[in-house]
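Since every read-out is calculated from the coordinates, none of them should be taken as a lab result. Quick caveat: nothing in here was measured; it's all calculated off a predicted structure. For neighbour counting, all protein chains shown are included, and Cβ atoms are generated from backbone atoms with ideal geometry for every residue, glycine included.
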Amino acid sequence: MKTYAYGFPRVGKNREFKKSVEAFWAGELSEKKTQEALVQIQKDILAAYEKNGIDQFPIGEVTGYDPMFDAAIMVGVYRPKNLKAYYEFCRGKNALEMTKWFNTNYHYLVPDFSALGAVKFSVNWNKAKEYLDQFKKGTPSIIGPFTFLKLSKGIPAAKFGKTLQQLTKVYQKILATIPEVHLEEPAFVLELSKEEVAMIQEAYKVLATSGCKIRLITYYDSVDFLKELTQLPVDAIGLDFVNGPANLQSLKKYGFPKGKTLIAGLVNGRNVWRTDVKKAVETLKEISAVAKNVVVSNAAPLFHLPISLEGEGKLDAEVKKRLAFAQEKLEDIREIANVFDGKQKARDLNLNGLWKNEKMRNRVQALTAADFQKKESVEERRAIHEKQFNLPLFPTTTIGSFPQTPEVRKQRADVRAGRISEEQYKTFVRKSIVDLVKWQEKMGLDVLVHGEFERTDMVEFFAEKLNGIATTQGGWIISYGTRAYRPPVIFGDISRPAPMTIDEIQYAQTLTKKPMKGMLTGPVTIIAWSFVREDVPIAEVAYQLGLCLQDEIRDYEKAGIRIVQVDEPAIREKAPIKKRDWPSYFDWAINSFKLSINTEPQTQIHTHMCYSEFGEIVEQIDAMDFDVISIETTRSRGDIIESFERIDFKKQIGLGVWDIHSPAVPTKAQMKKIVQRALKVIPKENFWINPDCGLKTRGWKETESSLKNLVELSKELRKSAPAKPKAGASRRRVMASSSCQCCEC
Ligand code: GLN
Ligand code: ZN
C-alpha cells in the first residue's frame, strides 16, 4: 500500500516563514534572500514527507502569502512585478479582501473580479513549471480552476460558466507544460447545483486535453456528486473519509473506475488526535473492496496542524501520547499502510479522555431550557441600560486589544522565561492599563477597555486559565499571511479554578468613571480555535465552557462591571460546509453563547465578530440575544449591511469603520461613507462607532490617528443627528425583499 500526503505546514519549525517575510517587509531581507528562504522551507517540507515514509507528495506548496492569491497571479488576474508589489496586494492600502477558507480559521485573499472590469485570463506566472524546473522532479500543487473561481468574488452568477471556460483554457495551457499536477478542488464538497456539476465536467474535459496527469484532490467534507466525479478524465481522485464519511456510502453505491487511483484520506488533517489505526484500516478494507488502486493519505491539508510534537516537553505525558501533529500524522499514514499490508501491528492506544470533572458533568446534566434564555427581552434590557449608562448617540468604543508592542511582548517572554518575577510583570500590565485608560479618556472614547496587554491570544489566554485545556509551546498555525497562533488542546472536562479576568478589569474600572468593558472569548470561538476532544459530544464541551464564562460574568457583576463583551468571531467559520448540517451546529453554538450570557439584565452584553459571510447567518446572530454587536465591514465594503434589511434587528450594532488589518489610517470621510450607507437600514439610535477588530497588531501611531478620526466622526454625526429618542422608541421595520440579494444563494 502506497502513501500520499499534502499540505504540510509552511510556517517552519522555528517560524522561518514569518521571520523571513516580515524581515522583507521591514527592509531587512532582500527579495533574493526572501525567495531563498521560501525555497528552503519547501525543501524542509519535502524532507519531512520523505523522512516519514510518504511515497508521493506534491511540490510547490509554499507561497509568499497565500495560494489563492498565487493562483490569481498565475492566470493573470493580478500582475505584481516583484515581491514588493506582490505584498502590496496582501497588506497595502488597497489590499484584497480576506475571508475564511471554508470552515477553517485560515484566511485567504479573495480575488475580486468586480473591481477589474473585463478580465482577460492569460498565463502570467507558470508557478507550477517554475517549481518543477527548480526541483527537477515532482508534482506541482495548484488550486483547481473551479475552486479558484467559486471562491473569488464579483463574478455575476450568469457569467460564471463562461468565465470558468475562459479560465480553464489558461489552466489547460499551464498543465500542458508539466507531466503531472496535484490539483486541489475543495470547492467540490460544497452543495453544488446540477449546472455547476455540468460546468465541472466540461472544464475537466478541456483540462484533460493538456495530456497532464491530474491528481484531483477534494477535502473537508464529502462530494455530493461522487458518481460524476469518478468519471472525470483524471488520473487520481482524493476523497476525505474523515470529515466526509458519506463518501464511503457513495463509493459503495457507485463504485470506482478501475483505471484510476483513489487517494483515500483516512488521517484527520484538522484535529490533533492520534489516528485510530485499527478503525482506519477497517475503512481502508471497505474502500479497497470497491477501488482497485488505493493509496493512503491525509484527509485534509496538514497545515491546520502544528509541525511536530518534538519540543512539547511541557505537555502532560498522558495527553501527549494521544496527540499527533503534522509530522506525526505522516507516521500515522505510514502505519495504516503497513498495518493494512500486515507488516506491522497497530499500536494500542486508548484514545478516550481520562480527565473527568464530575461537578461540571452534573451541572451540564442539570441544565434546563431556562438556563439558555434570559428572562428580560432585549427592549426591557435596553431601557435599563439607557438609564444606567446614559451614553450619547453614536457611542464610541474599541474591540478590546491595543497595540502589543515589542515591549509588551518582551515583558511576557521575560516572565515566561523567569527573567522577571510575576510581580514585576503584573506591575507592568497595571502600568499599561493606567496609561491606556488615561489615553482613552483623552481621546474621548465613551466605553473603555483595559487593552488586553496580559493576553497573548484571545483563546490561548483562557485556555491557560481553565482546567481541561492544554497549551503548546511551539504549536504555531498560520491564520493569515504571516500571522500565526497556537491553538490549545481541549483534552478533558473544562472547569474554572478561579476568576480569569476580573483583577485587570476591576482595576481598570477604578481608574475611570466611564464604563469599562469586561472582555471574554465566547465558547464557540474557544472551540473553533482549539483542537477539541472527540470522545464526548461537542455540545457537552460547549456547555462546560458556557458555564465557566457565566461564572466569570457573575463575578464581573459582583465587581461592579456592567458591560461585558463576549467575542464570537468564529461563529460563522465553525458552521459546517453543507447547509443541511447547519441546524445541529447552530443549536449548540447559539445555546452555549446564551448560556454564557444568561446573567443579570443590568449587564449590557456586547459581542464581536470579525469578517465572514454574515449575510447568511443574520437570523442565527439575532438569536444570540446579546445587546450590542460589533462586526467587520470595511473589507467587505459594506455588503454586510444589506443583510440587515432582511430582519427586524432590534439590537444595537457597531459596523467596523476602520480596517485594522492594514496599517493605513482611514480618513473621516471614508468612515463616514460606511456609516451613511448603514444608516439607510439601521436606525441611528442603534448605531455604535468602532474599529473592525482588536488593535493588537497595529502600531500606536496609526492607532492614535485612526481613533482620533473615528471619535471626531462620531461627534460630527451627533451634531447633525437630532436628539436621542427615548428608550423603546419605535424603529423602522425593513422588510426582506422577495428576491434575495443579500447572500450568495
Ligand atoms: N477582543 C479581541 C481583541 O480585541 C477580539 C479579537 C478578535 O475578534 N479576533 O483583540
Ligand atoms: Zn475581530
Pair-distance profile P(r), taking every C-alpha pair of the chain, with 10 angstrom steps and integer %: 3, 14, 24, 26, 20, 10, 3, 0
Whole-angstrom gap from the range 562-624 to the range 82-149, using each part's C-alpha centre: 32
Under 16 Å from the Cα of Lys81 - lysines, other chains or at least 8 residues apart: Lys32, Lys127
Rounded to the nearest 20 debye, dipole of the chain from Cβ charges on Lys, Arg, Asp, Glu: 1240
Across Lys162/Lys579; Lys18/Lys574; Lys558/Lys715; Lys651/Lys680, pairs whose alpha-carbon gap is larger than 23 Å: Lys162/Lys579; Lys18/Lys574; Lys558/Lys715
The chain, helix-only ellipticity at 222 nm - DSSP H runs n ≥ 4, -39,500 (n - 2.57), divided by all residues, nearest 500: -12000 deg cm²/dmol
Whether the range 518-646 is rounded, prolate or oblate, judged on the alpha carbon gyration tensor where a/c under 1.5 counts as rounded: oblate
